[in-house]
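Everything on this sheet refers to the single structure shown next.
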Amino acid sequence: MTQTPSSQTILEAFVPRSNLQLARLCVITVVVALLIFGALRYDHFLSSYNILSFLRYNSMFMLIALGMALVIMTGGIDLSVGGTAAMASVVAALLSPYGWAVGLAGGLLAGLGVGMINGLVVTRLRIQPFIATLAAMLASYGTALLLAGNQSVSVSYDTAFTLIGQDDFLGFPIPAWIAIAAYVAGWVALERHPVGRRILAIGDGEATAKLMGLKVERTLFGVYAASGLLAGLAGVILAAQFGAGQPTEGVGWELFAISSVVVGGTVLSGGVGSVGATMAGALLLAMVFNILNFENGLGVISLSAYWQSVIRGAFLLVVVVLQAKLASARQNP
Amino acid sequence: AELPSLKKKETYKVGFAQTESNNPWRIAQTESMKAEAAKLGYQFVYTDAAGSAAKQVADVNSMIAQGVDLIFLAPREEKPLIPAVLAAKKAGIPVILLDRSVDPKLATAGKDYVTFIGSDFVEEGKRVAEWLVKNANGKTKIIELEGTTGSSPANDRKKGFDDAIKAAGGFQIVASQSGDFSRDKGRQVAEALLQAHPDANIVYAHNDEMALGAIAALEAAGKKPGKDVLVLSIDGGKEAVKAIADGKIGAVVECNPRFGPIAYKTLKRYAAGDKIEAWVKNTDKFYDTANASAEVGSAY
Amino acid sequence: MPFNLASWLSRYGTFVALILLIVFNAIATPNFLSLQTFNVNLTQVATIVIVAVGMTLVIATGGIDLSVGSLMAIAGALAPMILQGTIVPTVNPLLTLPLAFILPLIVVAMLGWFNGFLVTRYSIQPIVATLVLFTAGRGIAQVMTNGNLQVFKNDAFQFVALGYVFGIPTQVLIMIVVVAAAAFLVKRTALGRQILAVGGNEKAARLSGIPAQRVKRLVYLISGVLAGLAGLIVVARNSASDANLVGLGMELDAIAAVAVGGTLLTGGRANILGTLLGACVIQLVRYTLLANGVPDAAALVVKAALIVAAVYIQQSAGPGRT
Amino acid sequence: MLLSMKGINKSFGDVQVLTNAGLDIEPGEIMALIGQNGAGKSTLIKILTGAHSCDAGTIRFQGRDVRFASTAESQAAGIATIYQEINLAQNRTVAENIFLAREPRRFGLVDRARMQAAARTVLSRFKLDIDVNRPLQDFGAATRQMVAIARGVTQNARLLILDEPTSSLDEQEVEVLFETMRTLKADGVAAIFISHRLDELYAICDRVTIMRDGRTVAVSPMKDISKVALVKTMLGKELAAFTAKKRAHGDGDGNSLVNVSNLGAGVRVRDVSLAIGKGEIAGLAGLLGAGRTETARLIYAADRKERGSVTMAGRAADYAAPADAIRDGMGFVSEDRKVEGIVPEMSVRENMTLAILPRLQKAGLVDRVAQRGIVEKYIQALGIKCSSPEQPIRELSGGNQQKVLLARWLCMDPRLLIVDEPTRGIDVGAKAEILKLLRGLADEGLSVLMISSELEELIAAADSVTVLSDGKSVRRLASDEITEANLMSAMAHQEVTA
Ligand SMILES: Nc1ncnc2c1ncn2[C@@H]1O[C@H](COP(=O)(O)OP(=O)(O)OP(=O)(O)O)[C@@H](O)[C@H]1O
Ligand SMILES: Nc1ncnc2c1ncn2[C@@H]1O[C@H](COP(=O)(O)OP(=O)(O)OP(=O)(O)O)[C@@H](O)[C@H]1O
Ligand SMILES: [Mg+2]
Ligand SMILES: [Mg+2]
């Protein structure tokens, strides 16, 4: 950190200056490593079929991870994303006969609704996010089951609704386009728009942010609403891509999202975070699933589903410990 | 479009997209599929969707990417797995469905997939009800322990049973709650329901595990399972069949998880160019006091 | 001093909620007021309480433990394996029984310590640190048993769940002992004070000579042991151990019990009796919905609303507000 | 009249904090607001800005009756506030902190180039040349305080409120601040200035409002009230002034308790040697960032030392953790009460007995009788103002919190007490009490290492002073050499040689 300006080179840009940049570097390195590993080891790993279906499916997780990242940057958490997506998928499926736009809007509104309730419970009732969104998770699953009559609801194939999930645009899956658009918007909001500064300042300390004259409650409300909206969008894609609103889907999505966010270097206590690294984090974890499937296909060692969860746990462990080690190495060189 | 065909070969690379592995029934199914593949010398690609229909579609897609010859799919749900079936078809890979089917309105056997091998959950519930109607001995008040809310076996086993009971008349379902297909949850729910409805004298559980939990609950409440309260279930695992022999369970409809032999037999028939029927029915046994002791050994 | 409803409610809110539920049930639920009902509810709540007590201590240090359910599964998987002699050959049947208790508890104690190690050594945030074992722990239990159900019968072992001591079910007695010990720990011992200090201000605690890291590792270890104990009770109760399901979702029940009981998730406080009451409220809500035939889907919505309401009453005038 | 607050009442729970308090300010006037710790100054300010609501009273600002519901509203109405002990957003950059909530925009997005340039411009007015793109947490307390002030003055407010802005600033920095305040005053901006340093009030303020026990007891033009009268009104009694009689200490190494030689770690502490005699108050002086706190933390093993040695009573003091230092008879009162001192949710009792816990326990249990004895003794002895020992410490005023923290160590009966800025943010009355207390304890044999940025304090209380500059001990002043001139020249050491 005592570098003179003259020693600045292009390489300098790659030297991490903060833990966040370090985490980003770490996660990108691992993603690239996994890609190379997969490409060398498995035949069709980098086939366009695999890449495109990978993106089509994982766009849902990228969306909820983005919402989760925003919430976590404020120092909160949103456990309701899976339930919200499930409920939104049911609403979208139920409304899909009235046209793709109605289905889309319905799903989005359902998600937004849950997000707004979360926001209200957190800001007005001052209930801790963990509990507020835990309750919202239960309630949205309950509502989803009630609306769906305890079983999956078929979407309408007469309208264009399923195209939202199943079609391509310029040879690229529409869900992936949606996710990319959401991330671009998220990046602009966080890095370029004043609201991003507000989100991060709240994560730094809510009381302080309030004294600094920030509209803390409004921002928090907005962030939970955004997370709900993104989960709703994921729900719409869920319904459209699989042709059904699924009230029991989404279990464990919140943990996937939290892991992605953390692997992307966002700190759970708030105040620090990055949108791009969250996306890389989500891709990384999703790729682990994909690789496990391919590994099983090789037939060299047949991993039972149980070993897969052990491996996923171990992988998470390695990544976070690696990050922690690098961070402390950076601090005391 | 035509159903993709399967070349006749010495060995195949087959995919098996399992739904989940969190209960003995699924484990037995996977074991059977794997063991049979090993016996035949086939390459076996296995995925586990951990209870998520969406992940199962992704799993099927990764099998397609890996270029398997045929996919065995145990669809988690009727509707959401349609895209997987259609994607495989589009990629020229035949699909055989195991133990659950997909929505017949959206995909049909012989056109979109080869066939469905399995039993009929509605039928299972109905068979239990029919046995009950004959053997109730004046017992009428039923507690129903449902499977996981929203899952298709839970919905179908409920429908088959409830409809048949209603048609028979004279019975009353005093409570029907989910026990999540698990012994512990089934026991807890049974404990609560038995307290609230002490007059109940029949317990119908959607699987063995919950039935065994209910037996524990009955015993804790000082009631004699089989005598004071009649217990009925579906699955037919060894423990449950033994419980029939012990007089604790009245009757069990089998739902056999050993799909291996019939699955690969169907594959070979298809490769040989046979015309496959739309539904290859699994013949499910029925256990009650008449045959339980004799059959304990052969139950899965 | 004028009567202050808000502050009174925040102190006794959980208790009031419990009384209201009991009154409601006495009127609405058939056969509610019976000893057996009481018995059923107490035995069912025992494992949640035992786990939630450990969770309370972890939360008091400002942490959280998502791995409890998986640790229950591991302990629950080990005990029958020991009883059936699949891990350690049965040298002496007299030894098997204590081993079936002690070995699983030692294993989960080590895993709990490992959680604490990740939290203290690498400063990994507790949710993530314990997410590792949440994910991998159940997998380990499943791999050990190959996912198979283990059915067993051992009266001496199952005494923890099926026996009675002085007419009290053993698991209820264990629950009472655990609650009393933890309440005593928090209120009267130096360690309890240190736990709260670490959660309240770790830097200050360290500068005051409190071994903050050791204290943290210890509470995760305690949480692990209590989860393991609950796991043993569950499998003993069912005469069967299913690594796939033992303790599934327990972390959320336990955390909800802690929150409804009035302990803030931010650390620095631990209300053990509140946790007991909180768990009882959650159990009674569950019982009420079941006994009154509320369908599962609707029950979820009601449960959610009640959790929010209970926590809100709890903190409506509590010191959490500024 | 720019602002007029009248009849303000406020209670927290059962505690009445403000009773009929008031405050009037004319445009362009700088008003001093003083009172003992806990008199209610900060609370009054927070009511004005909308951070707290009041139970009764009226507020008129710029001719309108107002009652701000949030700080955002008061900011919009033209009131800029620099709160006491607030640290801004630590992870955000300096520029972002200055402009948070009112970023310059372009097409609705933050105009980062303009924001950074503007930040550099304001900071240069404060003679601060720092990288505005670095997170605030990379900077020291003084810099952070200056950033907070910069944030305040750039708000183009009609009224600027500064709640103890100078407690972590050195004299030059204070002068820079005053310069800015005078400029603003010339533009007609009014200010409320809260400080416990009376000289500063006389230097900059036009009038003074004095509060006592939640009431406004006097308002007077600054020049019409003498220091003595001011303090008397504020305390409600004569100040028992602290005029320590210093002991002529033989500096012989023979009876020194602690010897530090060539201590170092990282770049902040390079080479520090000092000795603390038995029963001596050893001062540690230096400019901000000279490495005083770091030195103390190394001695106490709060951080790990890399070079040099420390001995305590002749034996090597190579502790692994503060716990070892404590066992060896050390105590440490940190300069940052909020972050490193109090456990906010805990009661006065629990906070006070935190360090002594290991000694209070019998078979793992806390000996409650002994505990009560200690707590009562020190609440009495130090005159700690609290409603009961069970009151959460976060509800106490800063001065009283500090006394509790002192008691935390005094009850341990330590051999060496390290106090880092022990009187920061503490009123003149309490300050004198604390210094008297330390003196008394030293006379009974306690050794004290006192870090202070206030020269008068060192002059009045220390038996010897070691001066640090840039991480090195540059001079040791014996009792009779401790004068303002000597201290200043020693502290400026680096500038002279460099
Ligand atoms: N949130 C709170 N809850 C309860 N009591 C409080 C709270 N905030 C402040 N107090 C009490 O109000 C009184 C006034 O506090 P305040 O901070 O206004 O004092 P002050 O004059 O600013 O003192 P100092 O000079 O130490 O900053 C104190 O006795 C304090 O204990
Ligand atoms: N060169 C520097 N760059 C950034 N921060 C610095 C620098 N020097 C000092 N600081 C900050 O100044 C603060 C005070 O430093 P330190 O505690 O070592 O010295 P001190 O003389 O005790 O200062 P203080 O009077 O504030 O206690 C530290 O918190 C440190 O972060
Ligand atoms: Mg103040
Ligand atoms: Mg300092």
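Amide H contacts for D:G277 (H built 1.01 Å from N in the peptide plane; partners 5 or more residues away or on another chain; cut-off under 5 Å): D:L257. Across peptide B:73-82, the average count of Cβ atoms from other chains found within 10 Å of a residue's Cβ is 5. The mean count of C-beta atoms from other chains within 10 Å of the C-beta of residues in C:117-125, rounded to a whole number, is 4.
When only Cα pairs below 8 angstrom with a gap of at least 6 residues are kept, the stretch C:240-301 shows a relative contact order of 25 percent.
Between D:A117 and B:D246, how high is the FRET efficiency from 1/(1 + (r/R0)^6) when r is the Cβ-Cβ distance and R₀ = 51 Å? Nearest 0.05. E(calc), rounded to 0.05, equals 0.05. About its Cα centre, the protein assembly as shown has a charge dipole of approximately 420 debye under the convention of +1 per Lys or Arg Cβ and -1 per Asp or Glu Cβ, with nothing else charged.
Helices of chain C meeting both criteria, an alpha-carbon length of 24 angstrom or more along the long axis and an average Kyte-Doolittle score not below 0.5, with helices taken as full DSSP H segments, are C:5-28, C:35-60, C:93-121, C:126-145, C:170-188, C:212-238, C:272-291, C:296-315. Averaged over the residues of A:262-274, the number of partner chain Cβ atoms lying within 10 Å of the residue Cβ comes to 2.
Taking 0.36 nm per residue of separation and subtracting the Cα-Cα distance, full extension of the segment from C:R214 to C:L97 would add 39.0 nm. Let me make sure I get this right: for chain B, a, b and c are the square roots of the gyration tensor eigenvalues over alpha carbons, sorted descending. Under 1.5 in a/c it's rounded, otherwise prolate if a/b > b/c, else oblate. Which is it? The shape class here is prolate.
How much FRET efficiency would the formula 1/(1 + (r/R0)^6) give for D:R125 and C:F15, where r is the Cβ-Cβ distance and R0 is 56 Å, rounded to 0.05? Computed FRET efficiency for D:R125 and C:F15: 0.40. Rounded to the nearest 20 debye, the dipole size of the stretch D:3-235 about its Cα centre is 520 debye, using +1 on the Cβ of Lys and Arg and -1 on the Cβ of Asp and Glu. Spin-label model, A:V102/D:E444: points 7 Å from Cα along the beta carbon direction are separated by 8.4 nm.
The residue among D:V404, D:P322, D:S464 whose Cα reaches farthest toward the positive pole of the charge dipole of chain D, with charges on the beta-carbon of Lys, Arg, Asp and Glu, is D:V404. Taking a ≥ b ≥ c as the square roots of the Cα gyration tensor eigenvalues, the stretch B:9-122 comes out rounded, since a/c falls below 1.5. Between B:K141 and B:W279, how high is the FRET efficiency from 1/(1 + (r/R0)^6) when r is the Cβ-Cβ distance and R₀ = 35 Å? Nearest 0.05. In this case the efficiency is close to 0.45. Exposed loop sites here are trypsin sites (Lys or Arg not before Pro) assigned a DSSP state other than H, G, I, E or B and surrounded by at most 10 other beta carbons within 10 Å; excluding them, the longest clear run of chain D is D:246-498. Between D:R304 and D:D480, full extension at 0.36 nm per residue minus the direct alpha carbon distance yields a gain of 59.9 nm.
Label separation (A:L40 vs D:A69): 6.3 nm, computed from points 7 Å beyond Cα along the C-beta direction.
Compute the orientation-averaged projected area for the stretch D:3-235 from the convex hull of its Cα atoms and round it to one decimal in nm².
On the way: hull surface 51.9 nm².
Average of the hull's projected areas for the stretch D:3-235 equals 13.0 nm².
Across chain A, the longest run free of exposed loop sites, meaning trypsin sites (Lys or Arg not before Pro) lying outside DSSP classes H, G, I, E and B with no more than 15 other Cβ atoms within 10 Å, spans A:125-333. Restriction of the GluC sites (Glu not before Pro) in the stretch D:332-429 to DSSP coil positions whose beta-carbon has at most 16 other beta-carbons within 10 angstrom yields D:E390. Exposed loop sites were defined as chymotrypsin sites (Phe, Trp or Tyr not before Pro) in DSSP loop states (anything but H, G, I, E or B) carrying at most 15 other C-beta atoms within 10 Å; in chain C the longest segment without such a site runs C:4-165. Computed extension gain for B:N291 through B:Q172, at 0.36 nm per residue and net of the alpha carbon distance, reaches 40.0 nm. Once both labels are positioned 7 Å from their Cα atoms along Cα-to-Cβ, the gap between A:A314 and D:V219 label points is 7.5 nm.
Taking amide H positions as modeled 1.01 Å from N, with prolines and chain starts lacking one, the residues under 5 Å from D:I30 and 5 or more places away or on another chain are D:A191, D:D206, D:R207. I want to make sure I understand the PRE zone here: with the label point 7 angstrom from the Cα of B:K111 toward its beta carbon, which residues in the stretch B:60-104 have backbone N atoms less than 19 Å away? What the label zone holds, given the 19 Å backbone N cut-off, is B:78-97, B:101-104.
Placing +1 on the Cβ of every Lys and Arg and -1 on the Cβ of every Asp and Glu, with nothing else charged, gives the stretch B:174-273 a dipole about its Cα centre of roughly 540 debye. Among the trypsin sites (Lys or Arg not before Pro) within the stretch C:149-208, those in coil by DSSP and having at most 12 neighbouring Cβ atoms inside 10 Å are C:K153.
Taking a ≥ b ≥ c as the square roots of the eigenvalues of the alpha carbon gyration tensor, the protein assembly as shown is prolate, as a/c is not under 1.5 and a/b beats b/c.
Readers should treat all values here as calculations from the given coordinates under stated rules, not as data from a laboratory. What you see is a predicted model, and the numbers here were worked out from it, not measured in a lab. Glycine also receives a Cβ, built like all others from the backbone with ideal geometry; neighbour counts cover every protein chain displayed.
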